[in-house]
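Encoded as structure tokens, the structure appears first; notes follow it.
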Amino acid sequence: MLTKEHTLCSLTIDEKHEFLGVTSQFKLMPNLSVKNVSKRYGPVQALENVSVEFLEGEIHAVLGENGAGKSTLMHILSGFTNPDKGSVLLDGIPIPLGEAFACKRLGIAMIHQHFTLVPEFTVQENFALARLDSPFCLADEGTLAKDAISTANSLGWKIDPTVRVSQLSVGAQQRIEILKASSGDASVLIFDEPTAVLAADEVEDLFRVLRQLKATGKCVILIAHKLSEVLSIADRITVLRKGHLIATEMRADVNEAQLADWMVGEMPEREIRTGASLQSPGLKVTHLSVKGDRGESAVNQVDFEIHQGEVVGFGGVDGNGQLELVEFLAGVRTMASGSCEWEGKPISESNVRIGYIPQDRQNDGLALGMSVLDNMMVSTFQREDLWNRTLLRFKAASEWVKSLIQEYSIKASNPGQRVGSLSGGNQQKVVVSRTLDNKPTLLVVASPGRGLDIKATQYVHDQILRARDQGAAVALFTTDLDELYRLSDRSYFMVSGRIQEDRGALSMVRG
Amino acid sequence: MRRTAQVLLFPIGILLILVLTLLVFRLPLVESLKLLASGAFGDKFGWSRTLVKTSPMLITGLGMVIAWKGGIYNIGGEGQYIVGGICGAALAKILVFGGVALPPWLVIPLILMACIIGGMIWAFVAGLLYVKRGVEVVISTILLNFVAIQLLSYLVSGPLQEKKKQVPLTDSLPDGMMLPKLSRQMDLHAGVLIALIVAGIVYLFLFRSNAGYQIRLVGESIRMARANRLNVNRSKLSAIVLSGGLCGMAGGIEYLGMSGQLGTGFSQQWGFLGIPVALLGGLHPLWCILSALLFGALFAGSENLARFTTSGSALVYVIQAITVLTYVSYRAYMDRRPYLEAS
């Protein structure tokens, strides 16, 4: 039995033209072209007037750092996001922007980095789910899944359709994700950082499949930031930086150093400053390993020191163990092995005062439904001026919060205002003020300027430097090079859970 | 400004719901409203009926507030209330009917204490299952309700049955061993006062104490609590145990103030009714006083109404359900917008 979905998926290009009501004179070369697309999120210009052409039968890599605009571009292509300006043409026809289902039917498939599978369903059921277009579809799951299974066979994958997805390895789950997306008549396949979750041999297998998809005439778009992988597989490479299109070049015409320069741009000058008067050694970490949420060793045998009165920056692409190291230093995660000392004593026995400014301020930093006062109180339990044993001295606390609101010029009308109703910059100021007011001796900061406008970023940076000048040892984790070089006195890069010396643009993109 | 408007709209909305329900039931509007009002507040007996029904609901409602604020959806107030009553009656069997001669000022607090501990234990089971094994509290507490109901019906016709072994009831407490009453003609007892005091204490606990603050924080954002090195499991566990303690206490108030004995009909759903009280009170201890009073008045008033029309008692539940549904959907609607306010 055929469903509506089947017929729509198996449309030929001519039929697609008809589906969209386009007359023959407009038919052009079959490809996907992006024309002058712009997109803005609040203060951040995610894409600025970007135009690219993706051809059939090519593997086209889109390169860029975190926040370069890769994901935004791909979300526009696949209909998840509506751009502010510009258009996207598939085979010469404008695609319905911002309509994910329509884009999928037209043959643009996205393979997400975070899988969109139902873990409790079998492989077959997941395939069938993707082909189901109405709740009254009567076809059985075997029929609906047939296409995907035959695609699997043609790609040389052995798949047991009756196994639950939750029992599969990550690599196998990705295969299911790929099959699910490509089994229709998708002509454009967008892979969002597909290698991030894979082991080395799985990457090889994935690349083999990408080449095979290319050979069958599909347009394969690969979002990536690992240069070596891109160079080994892409036919053409597009580089984005801070929302701008830097270049689109053939693979043969570029080399690693050139791409790294394009991605990172001009390396920011490290600011020269008088501060950094190294006091006694503060934090000393030796052979430290920390496990991630899935039990993998996210941080692997790292060694570093942070003196009191200096900012040590950790750069690098997200997902290389920064989160785990941050959470360890902040006392949230425990170490798997190694040692961590403060002023020569094990950190748990030392008198270190840790301040933590988390990267994800809306989830880890703040409880958005609670008041400014409630959010400020979180790290004050030791303060006898605010707590009478276990009871809150409400007046004193209100006064204290008011003084912080004033001192850090937070735009909040009163301590009882909900934090969720403040702007992003003021929310960050709440986190920064309560953290710094505690006079931490070890300050752990992750991407403090993320999502803030220039003025707020500047303010938060100044506060961090002020804490350093007052003698705090500061560990700064950021993916933003400007931030890294503006704040840190020394810097490292994190690559696959290890720490590397700073080697400029190349260390940024080698992740 | 908006806050005041909301508070003013509230009674109007409830009156509207009341009127609509009466119309749907095809009851004479003015007559019925009069009957409801006089039944609830008409004279001192009306007030007495209202307040006596308010107090157990208020206490279980406060229990729900603590749990729900802590992100624990305790649906087991009924079970915790019953087990509280059971523990109270068990202790009474020893202290009052076991030949131990102790003065009432000692016995009554001891029995109330036993009730609280009983509720705590019942809630602790669900809490422990949640913290150690990840069992959803909603499920475990609902199931524990059934266990408690069956346990009660076994005990009142078994170990706790009255001396003559004729009816499935426990021995009836002598008047001297019950909570003091305002007058002999009325049911109004000191439990009402206790409930009000408890509301104040719960308010102070949640908004002025360290442990209460942590419970609210964990309920609002587990991730923030974790990032600030707070013990999430300890807060969750204490939230549900305190909640259970209050529900057990409500059982004790009903036992010591009203019934004086336990039977299978010991609970008139006071444990369940705590949930609408808490929700309508906006999960705020002090607003719960008003929402409990509202429901108490509805129950008392409908008793009066039931003398003239058969649909009287069903009416309360209808009104109550509509009120809560309206309120909850209003809240859900408002909650969808908060983060858009930020510019």
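Couple of notes before you dig in:
- Some residue of region A:369-387 being more than 14 Å from chain B (Cβ to nearest Cβ), of a type in the set (A, V, I, L, M, F, W, C) and over 34 Å from the mean Cα position of the chain (by Cα): no
- Residue match in region A:312-326 (condition: on the phi < 0 side of the Ramachandran plot, within 14 Å of chain B (Cβ to nearest Cβ) and among the acidic types (Asp, Glu)): yes
- So B:GLY244, is it away from every other protein chain (no Cβ under 14 Å), surrounded by 22 or more Cβ atoms within 10 Å (Cβ to Cβ) and farther than 25 Å from A:GLY355 by Cβ: yes
- Residue that is modelled with the lowest pLDDT [pool: residues in region B:39-95 that are of a type outside the set (Asp, Glu) and outside any helix (DSSP H, G or I)]: B:GLY42
- If you go through region A:349-395 and keep only what is small (Gly, Ala, Ser) and either touching a strand residue (DSSP E or B) at 6+ places or on another chain (Cβ under 9 Å) or within 30 Å of A:HIS307 (Cβ to Cβ) (or both), you end up with A:SER350, A:GLY355, A:GLY365, A:GLY369, A:SER371, A:SER379.
Every residue, every condition in (1) out of contact with any Pro (no Cβ under 6 Å at 6 or more places or on another chain); (2) surrounded by 19 or more Cβ atoms within 10 Å (Cβ to Cβ); (3) within 14 Å of chain A (Cβ to nearest Cβ), yes or no:
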{"position": "B:LEU173", "(1), (2), (3)": "yes, yes, no"}
{"position": "B:GLN185", "(1), (2), (3)": "yes, no, no"}
{"position": "B:LEU188", "(1), (2), (3)": "yes, yes, no"}
{"position": "B:ILE194", "(1), (2), (3)": "yes, yes, no"}
{"position": "B:VAL198", "(1), (2), (3)": "yes, yes, no"}
{"position": "B:PHE207", "(1), (2), (3)": "yes, no, yes"}
{"position": "B:ASN210", "(1), (2), (3)": "yes, no, yes"}
{"position": "B:GLN214", "(1), (2), (3)": "yes, yes, yes"}
{"position": "B:VAL218", "(1), (2), (3)": "yes, yes, yes"}
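- Residue, surrounded by the fewest Cβ atoms within 10 Å (Cβ to Cβ), within region A:32-71, restricted to residues that are within 22 Å of the chain's Cα centre (by Cα) and charged (D, E, K, R): A:ARG40
- Restricted to helices (runs of 4 or more DSSP H) entirely inside region B:226-332, no element has at least 3 residues that are under 16 Å from the mean Cα position of the chain (by Cα) and modelled with pLDDT under 85.
- Subset of region A:166-192 [over 26 Å from A:HIS60 (Cα atoms) and either in contact with a helix residue (DSSP H, G or I) (Cβ under 6 Å, 6 or more places away or on another chain) or part of a loop (DSSP other than H, G, I, E, B) (or both)]: A:LEU168, A:SER169
- Look at (1) over 22 Å from the mean Cα position of the chain (by Cα); (2) in a helix (DSSP H, G or I) and you find that B:GLN150 fails only one, number (1).
- The selection criterion, being without any contact (Cβ under 8 Å) to a residue 60 or more places away in the chain, facing chain B (nearest Cβ under 10 Å) and under 18 Å from A:LEU443 (Cβ atoms), holds for A:GLY331.
- Test result for A:ALA397, in a helix (DSSP H, G or I), on the phi < 0 side of the Ramachandran plot and either within 12 Å of another protein chain (Cβ to nearest Cβ) or surrounded by 14 or more Cβ atoms within 10 Å (Cβ to Cβ) (or both): yes
- Remark: pairs (first residue in region A:235-256, more than 15 Å from A:ALA224 (Cα to Cα) and surrounded by 17 or more Cβ atoms within 10 Å (Cβ to Cβ); second residue at pLDDT 90 or above and of a type in the set (D, E, K, R); Cβ separation under 7 Å; 6+ apart in sequence or on different chains) = A:GLY243/A:GLU48.
- Residue within region A:419-432 that is more than 10 Å from every other protein chain (Cβ to nearest Cβ), within 14 Å of A:ILE357 (Cα to Cα), part of a helix (DSSP H, G or I) and basic (Lys, Arg) present: yes
The values are calculated or read from the model by the stated rules, or taken from the named source; none is laboratory data. From a predicted model like this one, the values you see are computed outputs, not experimental measurements. We place every Cβ from the backbone using ideal geometry, glycine too, and count neighbours over all the protein chains shown.
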